[in-house]
Amino acid sequence: MVSFIKTVLIDLKEKKQNLEDLHFILPSKRAGVFLKHQLSTLLEQPIFSPRILSIEEFVEELSGLQSVPNTELLFRLYETYKSLTKTSEQESFDSFSKWAQILLQDFNEIDRYLIPQEHIFDYLNAIKELNHWSLESEQTDLIKNHLKFWKRLKEYYVAFTEDLLRTKQGYQGLIYREASENLEAYIENNSTTKHIFLGFNALNESESRIIQGLLQNDLAEIYWDTDTAFINDRLHDAGLFTRAHKEHWNYFKNHTFDWITSHYKESKNIQVVGIPKLVGQAKYIGQLLEEINQTNKTLSNVAVVLGEENLLIPVLNSIPKTITKLNVTMGLPLKYVPLASFFDYLFSIHKNNTKSFYFKDVVSILSHPSVYPLFKVDAGNISSKLVTHIQKNNLVYITADDLLKHAASHTELINLLFKPWGDKSEIALKNCSTLILRMKTNFGDSKQSNSLELEYLYRFHTLFNQLSQLDTSYKHLNSVTTLHTIYKELLSLETLDFKGEPLEGLQIMGMLESRVLDFETVIISSVNEGILPSGKTNNSFIPFDVKVENNLPTYKEKDAVYTYHFYRLLQRAKNVYILYNTEVDALKGGEKSRFITQLEIENKHKIKHSIISPEVPIIEKQLKKISKTPLVIEKLKVLSLKGFSPSSLTNYMRNPMDFYYDKILRIREFKEVEENIAANTLGSVIHNTLEDFYKPLEDSFLTLDHLVSFKAKILNTVTKHFKELYKDGDFTKGKNLIIFEIAQRYISNFINTEIESLKAGHKIKILAIEADEKIEFPVESLDFPIRLTGKVDRIDQFNGVTRIIDYKSGKVEQNKVEITNWEDLTSDYNKYSKSFQVLCYAYMMHQNSLITLPIEAGIISFKNLNGGFLKFGKKESTYSRTKDQLITEETLNNFEIELKKLIIDICNPDLDFVEKELD
């Protein structure tokens, strides 16, 4: 394959052109590197390098103006807006910036296409007045203000461009307009300079006039890169612009149109592959490159063209290790580096100008990789201690002062991060810059190992310097929200350039970087509708019909530009891999591009179309097993001396692995901040409140006076326990207030049931509240002692019958405290755990001779108070009625047998801890 650039250079050499005197004008800077390389391969002796410029550089030179960054233009335009608008009608800079960006784009388009300003602005104003025509004689204030804006557009444009021209500066469109006006003077002063334009396609009116002017004066040659398949087919968008140039430029009436090639019809291996998700495409690109690398000696003729910039990092991570030489031309957007997320968090907590911050935002900042090392001390890390303090004390909203109490050694850093900015941009900028310097200092002398992080810091330091200069020069960044908006605008324009081999190895680029370049093997990703091409977007104040009337580009022309780029990549290629996302997305993806459909309909090449579904291996669920090593047995012996509680035994019944993690390894579940009061906190509050009420009444009968006095204390007692358990969490509003009210309601309803029982003539004697029990439980087959321990919520006598009561704040039904077969008691946690617990309490009380059989044991469910006291019972069969609800000696003997079996299972060294599948 002979590339387009090389073909042009060969032609110039054959025409005996003095190459070092030529001025090459290219669509992009990137193409200039390849042009120099190809030129070196054709020379027999050294020469001075010819002048190589991108079209933007050439036009800027021709105009005599200096380009102004887009963000600064926004500030300059606001200055103009303020000078022409009454103070009472002026919008804030933040509000202005939202629509001014669009206005700048429209000014740009109008100037690049040399549209008469008077004409188009008057035309737009007339259209808007027609749109708001009404039979009403008086217009509303809203319509008046709207029309006033359109009338002023011309004034804004004239004043803005005059201000820029006074300082010899301009935006791209103004530079192009000035360049076209300066063309005659340029031709006179450069009458012997030969310009070579190559690889152009879509030209704006200004570029078109400049090139035609140079051609007509014999000061230029132009080389097009198109194909007969595109230019001869009047419906083919890849040839839309070149057909127009060929037909409408006077120069081509007397000169040949170079060049129309026939490379596209040559045999090609085209594969269209549908792959789900971006990461799927990245992985597939890695596989393709590995295959290509095995068959090709070099990858210099292989290009990966990315349709979406956010695919860059996944692709780089998917490149095989065998590929050592590559070049990335598109750059990594700065908004994707880790440091960008830190400043996003920082702006998000400060732009609302609050003194207290949501705990998740605070934890995100304290735990961020860029900040965490700054809190390092000899004894550990202050950041970790602060996060633990927030979680332990249930702090949902935190102030800087709260953090300072626990991080006195890092006062300055805490203030930089969390002291309110007071909605002042200068404080925000100063703090951000100081933080960057602190991060840089923290890296110390280890610059080599942290070179990438230092590069990130340098780029952000430069960005905040730009913002500081803009703030100093224009004084429009008068709020943190406005600063954040401009920060994001600047950030979106910044990229980190990669170091690589520009002429060797694999080339990774975006679609626009591929202009003028040719490769034998091309891999194009994200060829989906809405991406390639981008489709209908109307980010403009100028209506579609007005654009058509004035020959301004619409989405149709923009789609045609991408059609040309897409087909030009295929033109000389031999192997083409076109990848698209099959995953349906709300906004984009899922629908393959019209380019693929067009290739299939053209039927000029045999296209292999396939859809790749990721191979999801069938992973058989393997339940975990833990052997009881001598060390585990030792831990069990220690645990047995402390005592097995009913809850720990039911935990083993539920899943032996949970028992192992909790009791043997002592791994506790991570405790997050309770943003909303958890169910276990609600249960603890109810238990503790009832303990406060009933504990003083042990060994005495309950009276109506007691219960009435309890009701008066509910609010204060519940509040006290919520403060103890929920720490500094707020339960005065929202969902937490509802839970707080529910706790009071549960207790009040329970006391009401007690009152009803006493009024009905029943006698209730409180025997014990929250009674701690511990017993020895000898198991003959074990050579170490076993103890049982537990806390019984309530033991009372109801009309002379002793009851063991366990409180449950959740909902429990009668069938959860019934059993049919004793053998099943320890086998099914969901069915029998409640029965097991109350029997365990009864067994311990009986062994300590604290109760006389028979007794009753059961549950009071606060969510099912209408069910009353839910007594344990034994049924003859699943469908029979409960027969025995009294716990006798026989009941406890049967329970003891099952309990021993369970403890033997736990302590048996030959029986592994085996995970259970949970529903």
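In the range 711-768, what is the volume of the convex hull around the alpha carbon atoms, normalised per residue and reported in Å³?
89 Å³
How long are the three semi-axes of the equivalent ellipsoid of the range 502-594, in whole Å, if each is the root of 5 times an eigenvalue of the C-alpha gyration tensor, listed from largest down?
For the range 502-594, the ellipsoid semi-axes come out as 28, 18, 11 Å.
With the cut-off at 1.5 for a/c, could you classify the range 744-863 from its C-alpha gyration tensor as rounded, prolate or oblate?
Here the range 744-863 falls in the prolate category.
With θ taken as phi - 60° and the coefficients 6.51, -1.76 and 1.60, list the Karplus ³J(HN,Hα) couplings across the range 516-526 in order, rounded to whole Hz; mark glycine and proline as x.
Running phi through 6.51 cos²θ - 1.76 cosθ + 1.60 with θ = phi - 60° gives 6, 8, 10, 9, 6, 10, 10, 10, 10, 9, 6 Hz.
Carbon and sulfur together cover what percent of the accessible area of the range 232-346 at a 1.4 Å probe radius?
Carbon-and-sulfur percentage of accessible area, whole number: 48.
Given H placed on each backbone N at 1.01 Å, which residues far from F357 in sequence or on other chains put an amide H within less than 5 Å of it?
I398, T399
At a 1.4 Å probe radius, carbon and sulfur cover how many percent of the accessible area of the range 765-919?
C and S atoms contribute 43 percent here.
Pull up the DSSP beta bridges for the chain and report the antiparallel fraction as a percent, rounded to 5.
In the chain, approximately 40 percent of DSSP beta bridges are antiparallel ones.
Given 0.36 nm per residue, what is the gain on full extension from R787 to V33 after removing their alpha carbon distance, in nm?
Full-extension gain reported as 263.2 nm.
If you count only protein heavy atoms and use a 1.4 Å probe, how large is the accessible surface of I612, to the nearest 10 Å²?
Surface accessible to solvent at I612 totals approximately 60 Å².
Along Cα→Cβ, 7 Å out, is where each label goes; now give me the distance between the ones at K376 and N190 in nm to one decimal.
The answer from the label model is 5.5 nm.
Calculate one ³J(HN,Hα) per residue across the range 761-776 by plugging θ = phi - 60° into the Karplus curve 6.51 cos²θ - 1.76 cosθ + 1.60, and present them in order as whole Hz with x for glycine and proline.
x, 6, 10, 10, 10, 7, 9, 7, 10, 6, 7, 7, 10, 8, 9, 7
Counting only Cα, what are the radius of gyration and maximum Cα-Cα distance Dmax of the chain, in Å?
Considering the chain through its Cα atoms, Rg and Dmax are 39.8, 123 Å.
Suppose R0 equals 45 Å; then what is the FRET efficiency for F443 and I742 from their Cβ-Cβ distance, rounded to the nearest 0.05?
0.30
Find the centroid of the Cα atoms in the range 451-509 and in the range 182-230, then give the distance between the two in whole Å.
Rounded to whole Å, the Cα centres lie 35 Å apart.
Take the Cβ-Cβ distance between T495 and N908 as r, set R0 to 51 Å, and report the resulting FRET efficiency rounded to the nearest 0.05.
The computed FRET efficiency comes out at 0.20.
If you average the C-alpha positions of the range 544-566 and of the range 687-710 separately, how far apart do those two centres end up, in angstrom?
83 Å
Of S383, S180, S267, S534, which has the most accessible area and how do the rest follow, probe 1.4 Å?
S267, S534, S180, S383
Between K154 and S709, what is the spin-label point distance in nm, taking each point 7 Å from the Cα along the Cα→C-beta axis?
My value for the distance between the label points is 9.1 nm.
Rounded to the nearest whole Å², what accessible area per residue is found for the chain with the 1.4 Å probe?
49 Å²
At 1.4 Å probe size, what's the solvent-accessible area of M845? Round to the nearest 10 Å².
M845 has an accessible surface of roughly 10 Å² with all protein chains in place.
Report ³J(HN,Hα) in whole Hz for each residue of the range 303-320, in order, from the Karplus equation J = 6.51 cos²θ - 1.76 cosθ + 1.60 where θ = phi - 60°; Gly and Pro get x.
Going residue by residue, I get 10, 9, 9, 9, x, 10, 5, 6, 8, 4, 5, x, 5, 4, 6, 9, 5, x Hz, with x marking Gly and Pro.
What nm distance separates the two modelled labels at K488 and Q287, each placed 7 Å from Cα along Cα→Cβ?
Here the answer is 3.8 nm between the modelled labels.
How many angstrom lie between the Cα centre of the range 249-269 and the Cα centre of the range 296-361?
Here the two parts' Cα centres lie 40 Å apart.
Apply the a/c threshold of 1.5 to the C-alpha gyration tensor of the range 157-304 and tell me whether it is rounded, prolate or oblate.
Prolate shape, in that a/c is at least 1.5 and a/b is the bigger ratio.
Return the lysines within reach of K154: Cα separation strictly under 28 angstrom, same-chain partners fewer than 8 residues apart disregarded; answer none if there are no such residues.
Counting by Cα, and skipping residues close in sequence, K154 has these lysines nearby: K82, K86, K98, K128, K144, K168, K475, K536, K547, K556, K558.
For the range 1-144, what are Rg and Dmax over the alpha carbons, in angstrom?
Rg and Dmax of the range 1-144, Cα atoms, are 25.0, 82 Å.
Which far-off residues, 5 or more places away or on another chain, put their amide H under 5 Å from the one on T226, with H placed in the peptide plane?
Those lying under 5 Å, H to H, from T226 are W259, T261.
How would S700, S647, S88, S28 line up by accessible area, probe 1.4 Å, largest first?
Final ranking, largest accessible area leading: S88, S647, S700, S28.
Using the Cα gyration tensor of the range 627-702, with a ≥ b ≥ c the square roots of its eigenvalues, what is the shape: rounded (a/c below 1.5), prolate (a/b larger than b/c) or oblate (neither)?
It is oblate, given that a/c is not under 1.5 and a/b is not larger than b/c.
If you take the beta carbon distance between D233 and S83 as r and set R0 to 60 Å, what does 1/(1 + (r/R0)^6) give as a FRET efficiency, to the nearest 0.05?
About 0.70, to the nearest 0.05.
What do you reckon, how do F252, F93 stack up by accessible area (1.4 Å probe), largest on top?
From most accessible down to least: F252, F93.
So who's got an amide H within less than 5 Å of the one on K916, skipping anything under 5 residues away but keeping other chains? H placed 1.01 Å off N, in plane.
Amide H neighbours of K916: M657.
The values are calculated or read from the model by the stated rules, or taken from the named source; none is laboratory data. Computed from a prediction, not measured in an experiment: that's the story for all the values here. Virtual Cβ from ideal backbone geometry, glycine too; neighbours counted across all protein chains shown. Ligands, DNA and RNA are stripped out before the accessible areas are found, and what is left, the full protein with its side chains, is counted by its heavy atoms. Shrake-Rupley method; radii C 1.70, N 1.55, O 1.52, S 1.80 Å.
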